[in-house]
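To keep things clear, I will list the structure first and then write my remarks on it.
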Amino acid sequence: MPLAMVLANRSSPLVIGLAALAFLAGRTVEDRAGTAQRLLAPLTRPLAWAALAFLAWSLLSLAWSPFPAASLRVGGEFLPTLVAAYMLACLAPGRIPAFAPRLGAVAIAAAGLLIAVDLALDLVLERALGHRAAAFVHNRPVLTLDLVAGPVALVLWRQRDRGLAAGALVFAALGVLRSISGAAQLGLLAGAAMFAAGRLLPRRAGIGLAGLGLGLAVALAPVEGDLLARTMPEAAHERLVQSSSRARVAIARSFGAAVAADPWRGAGFGTSARFSETPVAQALPDEMRVLLGVGHPHNSFLQVWAELGLPGAVLAALTLMLMLARIARLDQPDRATALGLVACATAIAFVEHNGWAAWWTAGLGAAISWLREASRPRAETTSRMDDPA
């Protein structure tokens, strides 16, 4: 997936869709009844109930969306990728060939190296491929590297391929640090710090720290812009000029004002692209409406508040907390790696992209699938490798 994203930076939904179909076909041939059970069993757990309730509220919000066609278009990109990611996470673990993690490490290393070399050579690869020659075209690939490198490295570490695991992490970091994506670099820093905390702190302390971070991300999203406007020094804006920090703060303030004007139900799922035309936007002062037309608030938590209101935010927070409860049951180093992924994804989601972006959903699905592969009982791994079937 990371290498495909370098060559075509919206390709991850296609990659995960094909992978999900391949595993579905293989599992169905192998054991049709067992495949259905693998897909349906997780839906009986509280975590799934919370996630499904969030999705149900999202669909219900189409009833008051001022742009139902736009909302359906966003859902048409997001939901199939979400289904593919879910299928892959359910069906792939336990049937991933032993060579695949090594191939994944090579793809990660190649992607990181290609990004670094391409940027050093003034985007010669992008020009050769006929793509737009702008440094930000590598932002989506490096964000994907952020998500998948750690879980793939964990699988390799379990297989005692320690050199490949280290190489995947080093080259992924090279691509991220060489890119111009401040969000990717923030995600790398947050993920590494949370991984270290997860390894060093007792189980409850590590989970509690992650829960505090997620809770604050949801709760503070509507006031993010105002808080940053008051507390962020000018020197910090100067250092982050390439990340357009001033514009991001202004965007957050505008969407935060929209949430304050209508916090109860939101404007409707998928309306961010035309948010400046929504009824709530029309009620805001002119200076607050200008930046509502940027396409999304560059904060997925704030996007949930703006589109789905308080019920959406509460259901999102509940889903995230139940996710942490599942992670708390993992052993080390799986738990620390999962917490690192949570921190990385949260940091990126708080400052970057459209929350319903299919490429982002695909990257998360791939990362979760690798984590589930790594956390399977070791005895199962041994028996599978010894059994040619």
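Where a number appears in this text, it was derived from the coordinates with a stated rule and is not lab data. Here the structure is a predicted model, which means the values were calculated and not measured. All Cβ positions, glycine included, derive from the backbone under ideal geometry; neighbour counts span all protein chains shown.
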- Note on the structure: Karplus ³J(HN,Hα) for the stretch 116-121 (6.51 cos²θ - 1.76 cosθ + 1.60, θ = phi - 60°; Hz, whole; x = Gly/Pro) runs 4, 5, 4, 5, 5, 9
- Starting from 0 in steps of 20 Å, tell me what percent of the Cα-Cα pairs of the chain lands in each bin. 27, 60, 13, 0
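Report, as a whole number in µm² per second, the diffusion coefficient that Stokes-Einstein gives for the stretch 69-152 at 10 °C and 1.306 mPa s using the Kirkwood radius over alpha carbon pairs. Walk me through the numbers before you get to the answer.
Numbers: Rh = 15.5 Å.
Calculated translational D: 103 µm²/s.
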- Could you give me the radius of gyration and the Dmax of the stretch 321-366, taking only the C-alpha atoms into account and expressing both in angstrom? 11.8, 33
- Task: Mind checking which of ALA110, TRP370, ALA56 is farthest towards the positive end of the chain's charge dipole, using Cβ charges of +1 (Lys, Arg) and -1 (Asp, Glu) about the Cα centre?
- Result: TRP370
- Task: Report the calculated FRET efficiency for ARG38 and THR231 (r = Cβ-Cβ distance, R0 = 45 Å), to the nearest 0.05.
- Result: 0.40
- Taking a label point 7 Å from the Cα of GLU30 along Cα-to-Cβ, the residues of the stretch 126-163 whose backbone nitrogen sits under 14 Å from it are none
- Each residue of the stretch 318-333 in order: what ³J(HN,Hα) in whole Hz does its phi give by Karplus 6.51 cos²θ - 1.76 cosθ + 1.60, θ = phi - 60°, with x for Gly and Pro? 4, 4, 5, 5, 5, 4, 5, 4, 5, 4, 4, 7, 6, 8, 7, x
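Counting Lys and Arg as +1 and Asp and Glu as -1, what is the net charge of the other residues whose Cβ lies under 15 Å from the Cβ of MET321? Present the calculation step by step, with values, prior to reporting the outcome.
Numbers: positive: ARG45, ARG204, ARG326, ARG329; negative: none.
Summing Lys and Arg as +1 and Asp and Glu as -1 gives +4.
Once you have the Cα-Cα distance between ARG10 and ALA196, take 0.36 nm times their residue separation minus that, and quote the gain in nm to one decimal.
Numbers: separation 186, 0.36 × 186 = 66.96 nm, distance 3.15 nm.
Full extension from ARG10 to ALA196 adds 63.8 nm.
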- Residues ALA325 and ALA63, FRET efficiency given R0 of 41 Å [Cβ-Cβ distance, rounded to 0.05]: 0.80
- Along principal axes, largest first, the alpha-carbon spread of the stretch 1-109 in whole Å comes out as 49, 38, 23
- Calculate, in nm to one decimal, what GLN332 and LEU72 gain on full extension: separation in residues at 0.36 nm each, minus their alpha carbon distance. 89.5 nm
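Averaging over every viewing direction, what projected area does the convex hull of the Cα atoms of the stretch 51-194 cover, in nm²?
Working: hull surface 46.3 nm².
Taking the Cα atoms of the stretch 51-194, their convex hull projects to 11.6 nm² on average.
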- Note on the structure: When the charge dipole of the chain is computed with +1 on Lys and Arg Cβ and -1 on Asp and Glu Cβ about the Cα centre, the Cα farthest towards its positive end, among THR44, ALA149, ASN9, belongs to THR44
- Once fully extended, how much extra length lies between TRP49 and ARG127, figured as 0.36 nm per residue of separation less the alpha-carbon to alpha-carbon distance? 23.4 nm
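Under a Cβ-only charge scheme (Lys and Arg +1, Asp and Glu -1), can you give me the dipole magnitude of the chain about the Cα centre, in debye to the nearest 20?
Working: 33 positive and 24 negative charges, 171 e Å.
Using only the charged Cβ atoms, the result is roughly 820 debye.
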- Task: Could you check the simple spin-label distance between ALA56 and LEU21, using points 7 Å along Cα→Cβ, in nm with one decimal?
- Result: 3.1 nm
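Using helices alone, what [θ] at 222 nm do you get for the chain, with -39,500 (n - 2.57) per DSSP H run of 4 or more residues, divided over all residues and rounded to the nearest 500?
Details: 20 runs with 287 residues, N = 389.
Value at 222 nm, helices only: -24000 deg cm²/dmol.
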- Item | Per-selection Kirkwood Rh - the stretch 271-346 (Cα, Å, 1 d.p.) | 14.6 Å
